[in-house]
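Values quoted throughout were computed directly from the atomic coordinates according to the rules given, and no laboratory measurement underlies them. Not measured: the values here are computed from a predicted model. Virtual Cβ from ideal backbone geometry, glycine too; neighbours counted across all protein chains shown.
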Amino acid sequence: MIYLIDHEDSFTFNLAHLLGGFDDIFVSNYYNIDKAKIAKAKTVVFSPGPGEPKDYPATTKIYHQFRGKKKIIGICLGFQHILYAEGGKIIQQNKIFHGYQSIISVLPTSKVFKNIKQLSVGRYHSLKLQEPFHSNTLNITMRCKTTKAAMALEDHTNNVFGFQFHPDSFLTKNGKLLIQKILSA
Amino acid sequence: MSAFLIPLEFLLNNTSSNYDIIKAMMPGGSVIGCPKISTLNLLNYQEKDSRNIYTGSFGYIKTNGDMRFNIIIRSLLNYKNISEISVASGVILGSESKKEYAENYIKAKSLLDIFKS
C-alpha cells in the first residue's frame with residue numbers, strides 16, 4: 001500500500017490517480033495523518049503543496065521515522081522536503097516556474113533513468129535547493145537544462161526518491177513511466 | 001479568442017453522492033487558482049467585495065442523479081431593480097496589469113451593451 005500525505009495541494013489527487021495504477025493508495029490530509037495506516041504502508045509519498053518544507057514539521061518527523069525502513073518518494077514540495085530533512089537549504093529561485101514546461105537533463109548519477117538523456121517536464125515551483133549540497137547517500141540525478149536547478153534525487157541506500165517537477169502534470173511527457181520506474185526501483 | 005473543451009471521464013466510487021462531487025469540484029480552480037485552500041485564504045484577505053453569485057455555480061440535478069452545473073461568469077444579477085455585472089481577471093506571473101485590466105472591459109461589453117439605448 002502507498003500512503004500519500006496531502007499537503008493540501010490541487011495536484012494531490014492527480015498524483016494519487018497515477019500512483020493508484022500500480023498499488024493500493026491511501027490519501028490523507030497533512031493535518032489528519034493515520035499513524036497506524038502509515039506504519040503498514042510499503043511506500044510513503046509526500047505530495048506537492050503551497051509554502052515551504054519548514055511549514056510541515058510532521059512530514060519531517062515522518063521522514064526521519066521511516067527513512068531507510070520504507071520507500072519514500074517526494075514530489076515538488078515533497079522533493080524539497082526530503083532535501084530539507086537531509087540538511088539542505090530551500091531558497092527562492094530567480095526565475096519562478098509555474099505551469100512551465102522545460103527540458104531537464106538526466107545526469108550520470110541516476111541509476112533509475114540510465115537510458116534517458118533528457119526529459120520534457122511540467123514545473124510549478126518558486127523555490128529550489130541551495131547548492132552546493134552534500135550528502136553521503138543522496139544524489140541529485142536531474143537538472144534543469146538552463147538554470148541547472150536540482151530536478152530529481154535518488155538515494156539507493158535509504159530507498160528515497162523525488163522529483164521537483166510534476167510527473168502527474170499533462171506538461172510532463174511519460175509521467176506514468178517515470179512514476180513506475182521509481183516505484184519499482 | 002478560442003476555447004478548448006476537454007471531455008473528462010471518470011469512475012466514481014460507490015459511496016460518492018452528488019453532493020460529494022459538487023463539494024470536491026467547487027470552487028472551480030479557474031476562478032480561484034491553486035493550490036485551492038492556500039489561494040482561497042489569500043483571496044479572502046485580498047478581495048474587498050463579496051463575489052456574490054459570481055464564479056459560483058448554477059445548475060440542476062435530475063431525479064435519476066444526472067446533473068449539469070456551470071461556473072457563473074458573464075452573467076447579470078438582477079435584484080431589487082439593481083443589476084450587477086461582475087468581471088475579473090485571473091492573474092499569473094506573466095500577466096501585465098494594464099492589459100488584464102483592459103480585458104475586463106471586453107469581458108463586460110456584451111452585458112453592458114444591453115443597457116445602451
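Points worth noting:
- Loop chymotrypsin sites (Phe, Trp or Tyr not before Pro), the range A:124-185 (other Cβ atoms within 10 Å of the site Cβ: 16 or fewer; DSSP): A:Phe133, A:Phe170
- Contour minus Cα-Cα distance for A:Lys61 and A:Lys181 (0.36 nm per residue): 40.6 nm
- Summed residue charge, Cβ within 12 Å of A:Ser105's Cβ, Lys/Arg positive, Asp/Glu negative: +4
- Considering only chymotrypsin sites (Phe, Trp or Tyr not before Pro) in DSSP loops that have at most 11 other Cβ atoms within 10 Å, the longest stretch of chain B without any of them is B:59-114.
- Pairs of Lys residues in the range A:92-157 that lie 8 or more places apart, or on two chains, and have C-alpha atoms under 23 angstrom apart add up to 13.
- Simple label model, 7 Å out from Cα along Cβ direction - B:Leu12 to B:Ser57, nm: 1.1
- Label-point separation in nm, B:Ala108 to A:Asp24, each point 7 Å along Cα→Cβ: 5.6
- Computed about the Cα centre, the dipole magnitude for the protein assembly as shown is approximately 620 debye when only Lys and Arg (+1) and Asp and Glu (-1) carry charge, each at its Cβ.
- For A:Asp6, the residues whose modelled amide H falls within less than 5 Å of its own, excluding neighbours fewer than 5 places apart on the same chain, are A:Ser28, A:Asn29, A:Tyr30.
- Rounded tilt (10° steps) of B:97-113 against the dominant C-alpha axis of chain B: 80
- Chain B - charge dipole about Cα centre, Lys and Arg +1 at Cβ, Asp and Glu -1, debye rounded to 20: 240
- Rounded, prolate or oblate (a/c below 1.5 giving rounded, otherwise prolate when a/b exceeds b/c) for the range A:83-185 by Cα gyration tensor: oblate
- Couplings for the range A:116-131, taken from phi via the Karplus curve 6.51 cos²θ - 1.76 cosθ + 1.60 with θ = phi - 60°, read 10, 9, 8, 9, 9, 10, x, 10, 9, 8, 9, 10, 8, 6, 7, 10 Hz in order; Gly and Pro are left as x.
- Estimated vicinal HN-Hα couplings, Hz - the range A:13-30 in sequence order (Karplus 6.51, -1.76, 1.60; Gly, Pro = x): 7, 5, 5, 4, 5, 5, 5, x, x, 10, 7, 4, 10, 10, 10, 9, 5, 3
- Restricting the range B:63-117 to trypsin sites (Lys or Arg not before Pro) that sit in a DSSP loop and have at most 16 other Cβ atoms within 10 Å of their own Cβ leaves B:Arg74, B:Lys80, B:Lys116.
- Per-residue average of Cβ from other chains inside 10 Å of B:34-41: 5
- The order of A:Met151, A:Met142, going from fewest to most other C-beta atoms within 10 Å of their C-beta, is A:Met142, A:Met151.
- Relative contact order of the range A:101-185, taken over Cα pairs closer than 8 Å and 6 or more residues apart, is 29 percent.
- Sites B:Leu42 and B:Lys99 - FRET efficiency at Förster radius 35 Å, r taken between beta-carbons, to 0.05: 0.95
- Antiparallel bridge percentage (DSSP; both residues within the range A:29-185; nearest 5): 70
- Difference of contour (0.36 nm per residue) and Cα-Cα distance, B:Phe4 to B:Ser50: 13.6 nm
- Two-site label geometry, B:Glu84 and A:Lys114: point separation in nm, points 7 Å out along Cα→Cβ: 6.4
- The loop-placed trypsin sites (Lys or Arg not before Pro) in the range A:82-169, going by DSSP, that have at most 16 neighbouring Cβ atoms within 10 Å of their Cβ come out as A:Lys89, A:Lys111, A:Lys114, A:Lys117, A:Lys145, A:Lys148.
- In chain A, helical runs assigned H by DSSP with n ≥ 4 each contribute -39500 (n - 2.57); averaged across all residues and rounded to the nearest 500, the mean residue ellipticity at 222 nm is -6500 deg cm²/dmol.
- Rounded to the nearest 20 debye, the dipole magnitude of the range B:50-117 is 120 debye, with +1 charges on Lys and Arg beta carbons, -1 on Asp and Glu beta carbons, and the Cα centre as origin.
- Dimensionless Rg ratio for chain A, taking C-alpha atoms and the 2.2 N^0.38 Å reference: 0.92
- Cα-based shape type of the range A:47-100, given that a ≥ b ≥ c are square roots of the gyration tensor eigenvalues and the cut on a/c is 1.5: prolate
- Judged by the gyration tensor of its Cα atoms, with axes a ≥ b ≥ c, the range A:126-167 is oblate; a/c meets the 1.5 cut and b/c is at least as large as a/b.
- Per-residue ³J(HN,Hα) for the range B:48-64, Karplus 6.51 cos²θ - 1.76 cosθ + 1.60, θ = phi - 60°, Hz, x for Gly and Pro: 7, 9, 6, 6, 6, 7, 4, 6, x, 9, 9, x, 9, 10, 7, 4, 7
- FRET E, pair A:Ala36, A:Phe133, Förster distance 45 Å, beta-carbon r, rounded to 0.05: 0.85
- For chain B: span of alpha carbons on each principal axis (Å, largest first): 51, 37, 31
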